[in-house]
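Shown next, in structure tokens, is the structure this report addresses.
The values are calculated or read from the model by the stated rules, or taken from the named source; none is laboratory data. What you see is a predicted model; the values in this text were computed from it and never measured. All Cβ positions, even for glycine, are placed from backbone atoms using ideal geometry, and neighbour counts span all protein chains on display.
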Amino acid sequence: MQQTFYKYQGTGNDFVMIDNRQQIFDKNDTKRIAFLCDRRFGIGADGLILLENHPEYDFKMVYYNADGNESSMCGNGGRCLVAFAKQLGVIKDKAIFEAIDGLHHATIANGTVKLQMQDVDVVEAYKNHIFLNTGSPHHVQFENDIEDFDIKAKGANIRYGAPYNEAGTNVNFVKKQTDEAFRVRTYERGVEDETLSCGTGVTAVAIAMYYMGETEKNHVTLNVEGGKLEVCFNVENNIYKNVWLIGPATFVYKGSI
């Protein structure tokens, strides 16, 4: 069976996009999803995303990691899906859609997508790291030697180690550049490697840096392997609200497999 797909990337975080409004894609075939994401034998991507109809909102997002399993929220994937929805004519310049972690608002203009993330009301501080959930779980820690750091080995060690164990976590290594800019490299669970960018990851970093007092800014720049993202938010009674992830979402190509 031929499968039409679209390829998108957001600061190097790349996705196979499929229009599943007619419910023709087998969502239980994890082996096929993993095959489509395979960079040697399939299309190649950090994840696969289905755009589906929603009874009340513009569309529904269904996200799978590269290992073929449905996963928690993907920020860059959500931004790319908004661009995909515009390409399909589902939306114009604004969207409200449902993902696994709830509703998201978004806008798109001149190739930049602004995606509203979920509120964050719990930030856990430990001796050497911060842990929080921005739609996906994230471990955040400083690493001064970030350019030469073995992200895959060190990230995997933390991802599978205590206290995360079987459920695992995404792992973000951070280096402060200025009071409002941070360098970030991320190991993503489900991909089981470093990705060029992670939307929920940079959102977690921005909030963690503010929480730790490393910045007084509530609008910061996150420099990732694949480019630059921005995160802004408001803080009310220790709750991070009105959280927005901002950056480019780019159509790469359309094909069939």
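Do we have D93 as of a type outside the set (A, V, I, L, M), loosely packed, with under 15 Cβ neighbours inside 10 Å, touching a residue at least 12 places away in the same chain (Cβ under 8 Å) and not assigned by TED's automatic domain parsing to the domain that holds V191 here? Considered against the rule, which asks whether it is of a type outside the set (A, V, I, L, M), loosely packed, with under 15 Cβ neighbours inside 10 Å, touching a residue at least 12 places away in the same chain (Cβ under 8 Å) and not assigned by TED's automatic domain parsing to the domain that holds V191, D93 comes out as yes.
Filtering region 42-70 to residues that are assigned to a strand (DSSP E or B) and farther than 20 Å from G102 by Cα leaves nothing.
The single condition among (1) buried (at least 16 other Cβ atoms within 10 Å of the Cβ); (2) over 24 Å from Y187 (Cβ atoms); (3) not charged (D, E, K, R) that G77 does not satisfy is (2). A single member of Q141, Q177 is more than 19 Å from K228 (Cα to Cα) and outside the structural domain of D67 (by TED's automatic domain parsing), and it is Q141.
Number of residues in region 1-41 that are more than 18 Å from G75 (Cα to Cα) and assigned to a loop (DSSP other than H, G, I, E, B) equals 17.
Could you please let me know if T221 is outside the structural domain of D38 (by TED's automatic domain parsing) and over 19 Å from H129 (Cα atoms)? So T221 fits the description; yes. When region 182-207 is filtered for residues that are in a helix (DSSP H, G or I) and closer than 15 Å to V224 by Cβ, the ones remaining, listed by number, are G199, T200, G201, V202, T203, A204, V205, A206. Total residues in region 1-57 satisfying the condition of being farther than 21 Å from I108 by Cβ, small (G, A, S) and surrounded by 15 or more Cβ atoms within 10 Å (Cβ to Cβ): the figure is 2.
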